[in-house]
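The values are calculated or read from the model by the stated rules, or taken from the named source; none is laboratory data. The structure displayed is predicted, hence computed values, not measured ones. For neighbour counting, all protein chains shown are included, and Cβ atoms are generated from backbone atoms with ideal geometry for every residue, glycine included. For the accessible areas, the whole protein counts, side chains as well, though only heavy atoms, and no ligand, DNA or RNA atoms are used. Shrake-Rupley method; radii C 1.70, N 1.55, O 1.52, S 1.80 Å.
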Amino acid sequence: PRAQALLEVTGVTVRFGGITALDGVSFKVMRGTIAGLIGPNGAGKTTLFNCLSRLYGFSEGEILFEGKPLTDTPPHGIAALGIGRTFQNLALFRTMSVRDNVMLGGHARSASGFLSNALRLPHVQREERQLGARASQVIDLLDLQAVAATPVADLPFGTQKRVELARALMSQPKLLLLDEPAGGLNHEEVDGLRLLLRRIQSELQLTMLLVEHHMNLVMRVSDQVIALDFGRKIADGTPAEVRENPDVVRAYLGVE
Ligand code: ATP
C-alpha cells in the first residue's frame, strides 16, 4: 500500500473572540516519523495540540487520523483511538511510585479498568497482568528499572519527565503528542531525551509530534519540522530546509 499519512490537518482555523490562534493550518505527518512543531510564543502550537486532543473545537478545517475525521471522536475517546499526549507541566501522582504512575497510564485506554479492578473480576485480573507486563516493558525501554519503586517526588526533574513519557506509552498510542519534552532539562538530559525518542520511534514504530522550544533538540530529532507564526504555517520540511527558511529566520529574529 502507498505510504499513508497518519495525521492530516487541513485548513484548521481556531478563533478566540477577536484572536485568530490558528489560521488555515495544513500539514501531514507520515507514519513512523517524528515531526517537530516550532514557532515563537503565541504562534498557536498549544492551540493546535489542544485541537488534536479534542480539548478545543475548531471553526473551520478538518483533521484526519488514519483517514478518519477526528471530529467524530469525543475528547474522552482520543486515547482509545490511539492518540496519547504528555503535558508541559507534569501531571504525575507525586507520592506514588514510578511503576504505579506508569500503570495508571494503561487505564487511560481501557476506561473501565481502574474502577472495575476493585471488583476483582477474573477478566479484569487478566487485564491487570497484561498491563503489568507492558509496564515492565515500558520501564525497561525508558531505563527506569532502578527507580521503579521510588516515589516520583524523590526523583530529579529529568527522570520525572521520563516517567511521564513512560505513562503516555502505556495506552499504546499510534501518535504521541509531546508538549515541550525538553522543558526544564539540562544539556545532558536533553541529549538523553533525544536518544530515547529515537529508541521509542524504532522499537515501537511510533509516530510523534512534538512542540518544543529547544531548537537543538527539534532540529536533531525530527524528520520533519513545521513552523508556525501568528497562527499561520510559515514553513514545513526537513530540519535543514526549515532552518534556512527566510520566514523562519525572520520570525525568530523578530525583524519586520
Ligand atoms: P507558547 O510557545 O507561548 O506556548 P503557543 O505557540 O503555544 O505559545 P498558543 O498558546 O496556542 O501559542 O496561543 C496562540 C494564540 O491564541 C495566543 O495569542 C493566545 O493568547 C491565544 N489563546 C490561546 N488559548 C486561548 C484561550 N483559551 N482563550 C483566548 N485566547 C487564547
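Data overview
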read-out: Residue that is farthest from L177 (Cα to Cα) [pool: residues in region 1-58 that are basic (K, R) and surrounded by fewer than 16 Cβ atoms within 10 Å (Cβ to Cβ)]; value: R2
read-out: So V218, is it closer than 24 Å to F87 by Cβ and surrounded by 14 or more Cβ atoms within 10 Å (Cβ to Cβ); value: yes
read-out: Region 1-32: number of residues that are in a strand (DSSP E or B), within 16 Å of the ligand (Cβ to nearest atom) and of a type outside the set (S, T, N, Q); value: 12
read-out: Single match in L228, L169 (criterion: open to solvent by less than 40 Å² (accessible area, probe 1.4 Å) and within 16 Å of the ligand (Cβ to nearest atom)); value: L228
read-out: Residue match in region 43-65 (condition: more than 12 Å from the ligand (Cβ to nearest atom), basic (K, R), more than 20 Å from the chain's Cα centre (by Cα) and in a loop (DSSP other than H, G, I, E, B)); value: no
read-out: Subset of region 88-105 that is within 15 Å of M170 (Cβ to Cβ) and outside any helix (DSSP H, G or I) - its residue that is modelled with the lowest pLDDT; value: A91
read-out: Matching residues, region 172-201, being open to solvent by 20 Å² or more (accessible area, probe 1.4 Å) and over 18 Å from E212 (Cα atoms); value: Q172, K174, R199
